[in-house]
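Chemist: Supplied in structure tokens, the structure appears directly below.
The values are calculated or read from the model by the stated rules, or taken from the named source; none is laboratory data. Note that this is a predicted model, so its numbers are computed, not measured. Heads up, the Cβs are rebuilt from the backbone with ideal geometry, glycines too, and the neighbour counts pull from every protein chain shown. Protein only, heavy atoms only, side chains kept; ligands, DNA and RNA dropped before computing areas. Shrake-Rupley method; radii C 1.70, N 1.55, O 1.52, S 1.80 Å.
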Amino acid sequence: MEKLKQIYEGKAKRLYETDDPDLLIQEFKDDATAFDATKRGTIVNKGIINNKLSEKLFILLTDKGIPTHFVKRLNDREMLVKRVQIVPVEVTIRNIVAGGMAKLLGLEEGIVLKDAVLEYHYKEDKLHDPLINEYHIKALKIATDKELDTIKKYSFMVNEALKAFFNSKGLTLVDFKLEFGRNKNKIILADEISPDTCRLWDKETNEKLDKDRFRRDLGGVEEAYQEVLRRVLE
Ligand code: 5GP
């Protein structure tokens, strides 16, 4: 597989074309940003860890019947993925109150929700990824009714699969963010699944083992990412 032109650089990843028009190389960087990139830093080896974690989790989800853009891991920092047109909506699923939901509704972090909450955020950093609902998505033709039904169905399937998997590794899945794309007119899961995009707490101590350590200057950021990888791969 030949690596050709870079077509995209985001906050944590780069995308390159390959000699196959349907396939891209997704490269994971160590760069970390928070609060709409007003806070910037580096998490040593984050790119390697997130690449390996995403590989493991995409394979798990594929086995559960959720189509993803993952094809195969190429090396420490790169995976081969299917080309998609990203739906500009971030889907958040929450099992426990934290972060944005605690702030929005003035709630204590750590409240266990009776049912999982699904949120849509319009993917636009300039607007701080505003919270939107299904009516916005349909009225603005961001996705069709059928696509949205698929996105919702897959998102809850991802939650069930990841909650059970992380629980078996001594981790509580608090919340996470997903991005979907269109590939050959089908909705598939894209982006990454990692401690950058999931809140993960130690099941026994509730210690934070995710990007909140970076966002909130809690220290031990690299160690937390390493610990998640160690547990997930054991
Ligand atoms: P919150 O809305 O509480 O900030 O985030 C909810 C969950 O989605 C957290 O696990 C968080 O890491 C993830 N998330 C939400 N927005 C983004 C984003 O723009 N980038 C990344 N990497 N994760 C996000």
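Chemist: Given a 1.4 angstrom probe, what's the average accessible area per residue across the chain, in square angstrom? Write down the numbers at each step before the final one.
Modeler: Details: 11580 Å² over 234 residues.
Heavy-atom accessible area per residue stands at 50 Å².
Chemist: Can I ask one more? If you add up the charges near GLY41, with Lys and Arg at +1 and Asp and Glu at -1, over every other residue whose beta carbon is less than 14 angstrom from its beta carbon, what do you get? Don't jump to the answer; show the numbers that get you there.
Modeler: Values: positive: LYS11, LYS29, LYS39, ARG40, LYS46, LYS211, ARG213, ARG215, ARG216; negative: ASP30, ASP31, ASP196, ASP212, ASP217, GLU222.
With Lys, Arg at +1 and Asp, Glu at -1, the net is +3.
Chemist: Now a separate question. Using the beta-carbon distance between GLU234 and MET157 and R0 = 25 Å, what value does 1/(1 + (r/R0)^6) give for FRET efficiency, to the nearest 0.05? List each step's numbers first, then the result.
Modeler: On the way: r = 25 Å, r/R0 = 0.98.
After rounding to 0.05, the efficiency reads 0.55.
Chemist: Additional query: Among the chymotrypsin sites (Phe, Trp or Tyr not before Pro) in the range 1-54, which ones are in a DSSP loop with at most 10 other Cβ atoms within 10 Å of the Cβ? Mind listing them?
Modeler: PHE35
Chemist: Right, here's the next one. Please turn the phi angles of the range 198-206 into ³J(HN,Hα) values with the Karplus equation 6.51 cos²θ - 1.76 cosθ + 1.60 (θ = phi - 60°), one per residue in order, whole Hz, x for glycine and proline.
Modeler: Values per residue, Gly and Pro as x: 10, 8, 10, 10, 4, 4, 7, 9, 6 Hz.
Chemist: Follow-up. Could you please state, rounded to a whole Å, how far the C-alpha centre of the range 52-67 is from the C-alpha centre of the range 105-127?
Modeler: So the separation of the two Cα centres works out to 24 Å.
Chemist: Tell me the accessible surface of HIS128 in square angstrom (1.4 angstrom probe, heavy atoms of protein chains only), to the nearest ten.
Modeler: 120 Å²
Chemist: Quick query: amide H of THR68 versus all other amide H atoms, modeled in the peptide plane; which residues come in under 5 Å with a sequence gap of 5 or more or a different chain?
Modeler: Result for THR68 returns LEU189.
Chemist: Here's something else I'd like to know. Tell me the carbon and sulfur percent of the accessible area for the chain, rounded to whole percent, probe radius 1.4 Å.
Modeler: 51 percent
Chemist: If you don't mind, another one. Got a sec? What order do GLU134, GLU108 fall in by accessible area at 1.4 Å, biggest, i.e. largest, first? Intermediate values should be presented prior to the final figure.
Modeler: Values: GLU134 50, GLU108 135 Å².
Correct descending sequence by accessible area is GLU108, GLU134.
Chemist: Now, a different point. Nearest 500 deg cm²/dmol is fine: what mean residue ellipticity at 222 nm does the chain get from its DSSP H runs of n ≥ 4 alone, each adding -39,500 (n - 2.57), divided by its residue count?
Modeler: Value at 222 nm, helices only, nearest 500: -9500 deg cm²/dmol.
Chemist: In what sequence, largest accessible area first, do THR150, THR33, THR205 appear using a 1.4 Å probe?
Modeler: THR205, THR150, THR33
Chemist: Now, a different point. Which entries of LYS39/LYS114; LYS64/LYS177; LYS52/LYS123; LYS13/LYS64; LYS39/LYS72 show an alpha-carbon separation above 30 angstrom in the structure shown?
Modeler: The pairs that break the limit, which is 30 Å between Cα atoms, are LYS39/LYS114; LYS39/LYS72.
Chemist: Using amide H atoms built 1.01 Å from N in the peptide plane, name the residues 5+ places from LYS13, or on other chains, whose amide H lies under 5 Å from its own.
Modeler: LYS29
Chemist: Using a Gaussian network model of the chain whose springs link C-alpha atoms within less than 10 Å, name the residue from ARG216, ARG94, ARG73 with the highest mean-square fluctuation.
Modeler: So, out of ARG216, ARG94, ARG73, the one fluctuating most is ARG216.
Chemist: Please check: in the Gaussian network model of the chain (C-alpha springs, under 10 Å), which one of LEU200, LEU60, LEU127 has the largest mean-square fluctuation.
Modeler: LEU127
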